[in-house]
Amino acid sequence: MKICVIGTGYVGLVAGTCLAEMGNDVICVDNDVQKLEQLKNGNIPIYEPGLEEMIKNNIQAKRLSFTPNIGLAVKQSLICFIAVGTPQEEDGSADLKYVEQVATSIAKSMNNYKIIVNKSTVPVGTGEKLRELISGLTSKKFDIVSNPEFLKQGAAVEDFLRPDRIILGVESENAKNIMLDLYSPLVRNQNPILTMDIKSAEMVKYASNVFLAMKISYINKIANLCENVNADINQVRIGMSSDSRIGTKFLYPGIGFGGSCFPKDIKALINIMDENEIDSEFISQIEKINYEQKTRFIERILNRFDNSIKGKTFAIWGLAFKPKTNDVREAPAINIINELLNLGATINAYDPKAMDNARTIFKDKIKYADSYYETLENADAVILLTEWNEFRRPDFERIKETLKTPIIFDGRNQYNEEYLKEIGFEYYQIGRRNEENRVNGVNGINLDSKRGKVCAQD
């Protein structure tokens, strides 16, 4: 099929590349000419396993191309995907200006029937707004489709090519059949393509993401309780997740979630509920718990050092909001490092992929190491913030010998507490009580007055 994908951010680039990998002719559109030139040369701005090689292969096969000319791309395509950012407004609502700008450009460029597919995360009712907008600008026939994405960063290529499910909000049989034909190669494993009305499809995205965020906040709240009653959250989690109705996914205690989706989607859903006079307090608590989880972690560090870390040096392992990505948007590490700096600490940081993005935030306020062992030099403790695989089995004897004091603050519960204590470490994790370091609550730490802001690009 002839396809254009408008927007080469995370969603658009992965979707366009994977659609080309399926044998379609795909034109990716963006107004950033410099970025397009880099993409044409196979240099991609994001880290996603498998994506760079796939882009290069499909460019070489002439199935994937890049252009700033949206009119040309629309005229040559049957299906036009909208994959631009929906940045967050001050009230938490999604700003649709980029989506509407793209829809306007599509309408003015249409030369025949088009299927206009929205992959951007948008409020319920956006499909109707786009239909009205486009109808006022063209007499050509078209259909609107809502096709929300559920790509996990670090596994996006696999998620796209082998999805759990595909959601299609459609308004005509013709659009439905064409979209089913497009996606049918991806569901040979019998996972479903679910067709529904457009508003329901738009709601699925928010309902799914906020539910997953709720699981994370819930297990973190239980972890905090475990610390106070002297239970072990690691054992509690296993007991819970063994129930098939609950499962293991998104049920790991830690320092909270980040990224471009969960924080933004929570605020957007709260805004939608408030506009429709539905009590949103329950959803607000998800965000509140996530925020408090980072402050509790800092309290744990402060407690160990008698509430003063001025002049202390910390080795930070991990800057991205999760492993297998270079994305630092809303990363817990950013908030935690900022507060440690505010309290007078020195930071030696390392991340396998997110160092360049971190430099745009911290500039020269922290030291950047070439390896996680290098961060240990002159450090008073290790703080693990992102659970990259290479951090899972480090040389603990080397760590012990290099640190000033053998202390690990583990924000992701990665290590064996009994082993570390046996070899002489002080080891602090989430959801395990330590009498010397009990955290009874947060004491007014303000991690970041700008928390909740996210980048405009999906």
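The values are calculated or read from the model by the stated rules, or taken from the named source; none is laboratory data. Being a predicted model, the structure only gives us computed values, none of them experimental. Cβ sites come from the backbone with ideal geometry, for glycine too, and all protein chains shown count toward neighbours.
Please give the helices (runs of 4 or more DSSP H) falling wholly within segment 170-274 in which 2 or more residues are under 30 Å from P87 (Cβ atoms) and hydrophobic (A, V, I, L, M, F, W, C). Steps first, please.
On the way: elements: 173-183, 198-229, 233-241.
Hits in segment 170-274: 173-183, 198-229.
Quick grid of which residues meet (1) within 23 Å of D265 (Cβ to Cβ); (2) surrounded by 23 or more Cβ atoms within 10 Å (Cβ to Cβ):
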{"site": "E52", "(1), (2)": "no, no"}
{"site": "I59", "(1), (2)": "no, no"}
{"site": "P87", "(1), (2)": "yes, no"}
{"site": "S93", "(1), (2)": "yes, no"}
{"site": "V99", "(1), (2)": "yes, yes"}
{"site": "A103", "(1), (2)": "yes, yes"}
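When segment 347-365 is filtered for residues that are part of a helix (DSSP H, G or I), buried (at least 21 other Cβ atoms within 10 Å of the Cβ) and aliphatic (A, V, I, L, M), only A358 remains. Summed over segment 18-35, residues that are crowded, with 18+ Cβ neighbours inside 10 Å and part of a helix (DSSP H, G or I) total 5. Selection of segment 386-402 for residues being polar (S, T, N, Q) and either within 20 Å of the chain's Cα centre (by Cα) or not assigned by TED's automatic domain parsing to the domain that holds K322 (or both) yields T386, N389.
Please find, within segment 168-202, the residue that is farthest from N147 (Cα to Cα) out of those that are of a type in the set (S, T, Y) and without any contact (Cβ under 8 Å) to a residue 24 or more places away in the chain. Steps first, answer last, please.
Filtering segment 168-202 down to residues of a type in the set (S, T, Y) leaves 172, 183-184, 195, 200.
Narrowing the set further to residues that are without any contact (Cβ under 8 Å) to a residue 24 or more places away in the chain leaves 183-184.
Details: Y183: 11, S184: 14 Å.
It comes out as S184.
Of all the residues in segment 401-458, those that are more than 30 Å from C261 (Cβ to Cβ), touching a Phe, Trp or Tyr at 6+ places or on another chain (Cβ under 8 Å) and either assigned to a loop (DSSP other than H, G, I, E, B) or at pLDDT below 85 (or both) number 5. Among the residues of segment 320-333, is there at least one that is part of a helix (DSSP H, G or I), buried (at least 16 other Cβ atoms within 10 Å of the Cβ), assigned by TED's automatic domain parsing to the domain that holds F409 and at pLDDT 95 or above? Yes, segment 320-333 has at least one match.
Consider segment 53-94. How many of its residues are within 25 Å of M1 (Cβ to Cβ), more than 19 Å from the chain's Cα centre (by Cα) and not in a strand (DSSP E or B)? Going through segment 53-94 one residue at a time, the tally reaches 22. For segment 154-167, the set of residues classified as touching a residue at least 60 places away in the same chain (Cβ under 8 Å) and farther than 24 Å from T126 by Cα consists of G154, A155, A156, V157, E158, L161, listed by residue number. Among the residues of segment 108-126, those identified as in a helix (DSSP H, G or I) and either on the phi > 0 side of the Ramachandran plot or surrounded by fewer than 23 Cβ atoms within 10 Å (Cβ to Cβ) (or both) are K108, S109. For segment 1-17, give me each residue that is surrounded by fewer than 24 Cβ atoms within 10 Å (Cβ to Cβ) and either in a strand (DSSP E or B) or at pLDDT 95 or above (or both). Selection gives M1, K2.
Is it true that some residue in segment 131-152 is of a type outside the set (A, V, I, L, M), touching a strand residue (DSSP E or B) at 6+ places or on another chain (Cβ under 7 Å), within 23 Å of K199 (Cα to Cα) and part of a helix (DSSP H, G or I)? Within segment 131-152, one or more residues are of a type outside the set (A, V, I, L, M), touching a strand residue (DSSP E or B) at 6+ places or on another chain (Cβ under 7 Å), within 23 Å of K199 (Cα to Cα) and part of a helix (DSSP H, G or I).
Could you check segment 330-344 and list, in sequence order, the residues that are within 24 Å of the chain's Cα centre (by Cα) and under 13 Å from I366 (Cα atoms)?
Taking segment 330-344 first, the residues within 24 Å of the chain's Cα centre (by Cα) are 330-340.
Hits for segment 330-344 are A333, I334, I336, I337, N338, E339, L340.
Scanning for something in a helix (DSSP H, G or I), buried (at least 21 other Cβ atoms within 10 Å of the Cβ), of a type in the set (A, V, I, L, M, F, W, C) and in the same structural domain as E292 (by TED's automatic domain parsing), does segment 338-346 turn up at least one residue? Scanning segment 338-346, I find at least one residue that is in a helix (DSSP H, G or I), buried (at least 21 other Cβ atoms within 10 Å of the Cβ), of a type in the set (A, V, I, L, M, F, W, C) and in the same structural domain as E292 (by TED's automatic domain parsing), so the answer is yes. Candidates in segment 252-279 are the residues that are under 17 Å from the mean Cα position of the chain (by Cα) and of a type in the set (V, I, T); of these, the one that is farthest from Y428 (Cα to Cα) is I266. Just a yes or no: is a residue in segment 170-193 crowded, with 19+ Cβ neighbours inside 10 Å and closer than 21 Å to K264 by Cβ? Scanning segment 170-193, I find no residue that is crowded, with 19+ Cβ neighbours inside 10 Å and closer than 21 Å to K264 by Cβ, so the answer is no. Among the residues of segment 377-398, is any within 13 Å of F425 (Cβ to Cβ) and aromatic (F, W, Y)? Yes; the residues of segment 377-398 include at least one that is within 13 Å of F425 (Cβ to Cβ) and aromatic (F, W, Y).
Right, I316: buried (at least 20 other Cβ atoms within 10 Å of the Cβ), out of contact with any Lys or Arg (no Cβ under 7 Å at 6 or more places or on another chain), more than 15 Å from I337 (Cβ to Cβ) and not charged (D, E, K, R) or not? The answer is no for I316.
If you go through segment 16-69 and pick out every residue that is out of contact with any strand residue (DSSP E or B) (no Cβ under 6 Å at 6 or more places or on another chain), within 20 Å of L151 (Cα to Cα) and of a type outside the set (V, I, T), you end up with 12.
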